[in-house]
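Following: one structure in structure tokens, then a few remarks.
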Amino acid sequence: MHATALAVLLFQSILVSLVQATLYVIAPTAGSTCSGGKPCTVAWLDDGTAPFLSEIGATHVALYNGEQVLVQQIDPVDISVVHALTFTPDPNAGPNSGN
């Protein structure tokens, strides 16, 4: 599973919480990939507009495919104190995003 789709889909839950603020995924970077069965780190920052990450708290995170179907639930993360997470994509979650 490639990181370009992963980074966008992974934080769908967070984006719903950030009504006015903008979340920037800073890792993985464009052109990098995450592969099923191997650790993948995703990192993010806010744009300095309220609500700030420091005000949000625990957020449910999940991996969705291009059809917006849940393919892997990831443990909740407290984005008020953590700005990155490392997880291992399920190799059975689906084809690479380029397919």
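Bear in mind that the values in this text are calculations on the coordinates, not laboratory data. Bear in mind the structure is a predicted one, so any value in this text is a computation, not a measurement.
Expressed in nm to one decimal, what extension gain is obtained for the pair A27 and A84 from 0.36 nm per residue of sequence separation less their Cα-Cα distance? Before the final figure, lay out the partial values.
On the way: separation 57, 0.36 × 57 = 20.52 nm, distance 0.85 nm.
Net length gain for the segment: 19.7 nm.
Taking amide H positions as placed in the peptide plane 1.01 Å from N, state which residues far from Y64 in sequence (5 or more) or on other chains have amide H under 5 Å from it. Here L10, V71 satisfy the definition.
For G57, the amide hydrogen comes within under 5 Å of the amide hydrogens of I79, S80, counting only partners 5 or more places away or on other chains and with H modelled in the peptide plane.
Diffusion of segment 19-99 by Stokes-Einstein, at 37 °C in a medium of 0.692 mPa s and with Rh set to the Kirkwood radius over alpha-carbon pairs, works out to 237 µm²/s.
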